[in-house]
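Just below is one structure, and these are the notes that go with it.
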Amino acid sequence: MRRWYYARWDAYPDWSAVLSREERRWKQAREQASGGPRVLLASSIGSYAHAVTLESALAVGLTLRGAEVHTLLCDGALPACAECEASLYPRVGRFLEHGPSRDLCKDCCWPAEQVYKSLGIPIHRYGELVTADERRTIADLSRAMKCSDIRDLRIDGLAIGEHAYAGALRFFASGSLEGEAGGEEVLRVYVQAALITAYASRRLFRQSRYECAVFTHGIYVPWGIIGEVARSEGVRVVTWNVAYRKRRFIFSHNDTYHHTLMNEPIAHWEDLELKQAQDRELMSYLTSRREGLFDWIVFHRPSRQDPQEIARRVGVDPAKPIIGCLTNVSWDAQLHYPANAFPDMLEWLVATVKYFERRPELQLLIRVHPAEISGFPVSRQPVLKELAKHVPKLPANIFVVPPESGLSTYALMSLCNAAIIYGTKMGVELSSVGLPIIVAGEAWVRNKGITYDASTPEEYFRLLGRLPFASRLSEEQTARARRYAYHFFFNRMIPLPFIEPKAGYPIYRSRIESLAPLEPGATPGLDLICAGILHRRPFVIDQRDEPDERKEPQPVAATARSARL
């Protein structure tokens, strides 16, 4: 199995060693926190060592601030989860027959369980929260429903189908289940897992009356379902994810960051006046992203960055307008976004190519996302293969740079009059250097007054009809884009200096030798996170209070990879 190392203790924090030196302080903190605001850390998947590392540190930090912390772990009760992938099961039939119980589950729960036991944190388990009768009801329900109805399935108002469908796509690392052997059956398994999660988490919330539930992602099975249930039960939700910059994390209230970063109040950044030093700091960081020097995860290290050389290699004519087109990984985080102009990325790409076929005076330069082959998991539905099914032969004015290419995406876009994106984060960076951006999907730069946003196909084609643009973004527009970029990369990405980057996966570990850095007032980033969890404060750094962290550490290379309950 690929993830044998999860059972190794060096992937998890050794809290017993820390607490053995501060037993009296920790005992006092736990006694004082008993009966305090109750917080659930819904880690769920124990083999997510990076999640357990961060959430166990949060458990300590929250306890030291008077919160009574509990955790929730899966003990093998789920027939499918976000840890399951088709790449681990050459025969899908094996997965359908046994699920992860014979392999992944064996080394999943116990390492995380030992971490939380060493802290004395109450542990709740899925298997203890769902009865045998409920399991049978769930199995019957998942078998009885029409497969075509699953994606839109809502039970008691919970978006069961959306997260089950997203989980099945992630399993196959594909943007569609069509053509996948066992696709329908796997989807039904994810529906079962979603419903078990719903039963278990609802029972737990009603038994323990938590004030807040904290967990990673906020999508897929199980975390997306936990969020759905928590909100329905009046429990506040906080989600988190690893940020781009090393030692930093993104936290969000109420929903997954995929949604909140699109709709957060612009008041957080709109009036932010960047000083010259901050502007230099931003542009220096954006330049570093070409090599990923200060980032956790690097999908692509370009070997060629000279725009003119790249133009010759690709075959584009710099004398004619070039429009950049940046794709996403097809399976990634397929959630419902009501403002999307197209239902999915592939449909957008096909429509875009067919449009440019009728505009021979323009050149379309498609850069396929490098994470198709370097991401984790590797996509099993390559964009170019899917595009060829609809457009077997590309017109002469359309050029493609495949995911394995060593050409710099930044250099490619520097040749362009504008860029068209669906959901890539590159929109934040490219608008900061004045490149006009047309957004057709769920990109985070959307709704910021920076980009040209399309919510319907008609709007999208009207925007394309304006190409090429007469100029780049104005000084005022570019300054606005930089204010948002600074907010995004510096104020929304919260530093935790006791989290240390490491090569391989997991990409970080904790560097904690005492309780001192977790005490109130010791680490501004942790203070901010705990205040957000306990007091609903925004997860946004106030630059007046942020420590000077401009001297970044040396880079460590890492490659990502209608019923009722």
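The values are calculated or read from the model by the stated rules, or taken from the named source; none is laboratory data. Just so we're clear, the structure is a prediction, and the values are computed from it rather than from any experiment. Don't worry about glycine lacking a Cβ; one is built from the backbone with ideal geometry, like all the others, and counts go over all protein chains shown. Protein only, heavy atoms only, side chains kept; ligands, DNA and RNA dropped before computing areas. Shrake-Rupley method; radii C 1.70, N 1.55, O 1.52, S 1.80 Å.
The figures follow:
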quantity: Members of LYS425/LYS502; LYS246/LYS425; LYS448/LYS502 lying beyond 26 Å, as alpha-carbon distances in this model show; calculated: LYS448/LYS502
quantity: The chain, accessible surface, carbon-and-sulfur percent (1.4 angstrom probe); calculated: 49 percent
quantity: Listed residues ALA351, ILE398, THR456: farthest to the positive end of the dipole of the chain (Cβ charges); calculated: ILE398
quantity: Along principal axes, Cα extents of segment 363-433, largest first, whole Å; calculated: 35, 33, 22
quantity: FRET efficiency for ALA17 and ALA522, using Cβ-Cβ distance with R0 set to 25 Å, rounded to 0.05; calculated: 0.85
quantity: Sparse-neighbour loop sites [trypsin sites (Lys or Arg not before Pro); segment 121-161; at most 13 other C-beta within 10 Å; DSSP]; calculated: LYS146, ARG154
quantity: Förster-model FRET efficiency, 30 Å R0, GLU185 and ALA388, C-beta, rounded to 0.05; calculated: 0.60
quantity: Peptides ranked, highest mean first, by Cβ atoms within 10 Å: ranges 533-540, 252-259; calculated: 252-259, 533-540
quantity: Beta bridges per DSSP with both ends in the chain, % antiparallel, nearest 5; calculated: 25 percent
quantity: Residue-count net charge about SER510 - beta-carbon cut-off 12 Å; Lys, Arg +1, Asp, Glu -1; calculated: -1
quantity: Segment 180-240: radius of gyration over Cα atoms, expressed as a fraction of 2.2 N^0.38 Å; calculated: 1.23
quantity: Cα pair distances exceeding 46 angstrom across the chain, given as percent; calculated: 13 percent
quantity: Highest average packing first - 314-323, 491-500, 468-477, Cβ atoms within 10 Å; calculated: 491-500, 314-323, 468-477
quantity: Dipole-positive endmost among VAL433, ALA418, ASN447 within segment 412-463 (Cβ charges, Cα centre); calculated: VAL433
quantity: For segment 80-146, convex hull of alpha carbons as volume per residue, Å³; calculated: 121 Å³
quantity: Largest to smallest principal axis extent of the C-alpha atoms in segment 88-235, angstrom; calculated: 47, 34, 30
quantity: Cα extents of segment 473-546 along the three principal axes, largest first (Å); calculated: 51, 35, 19
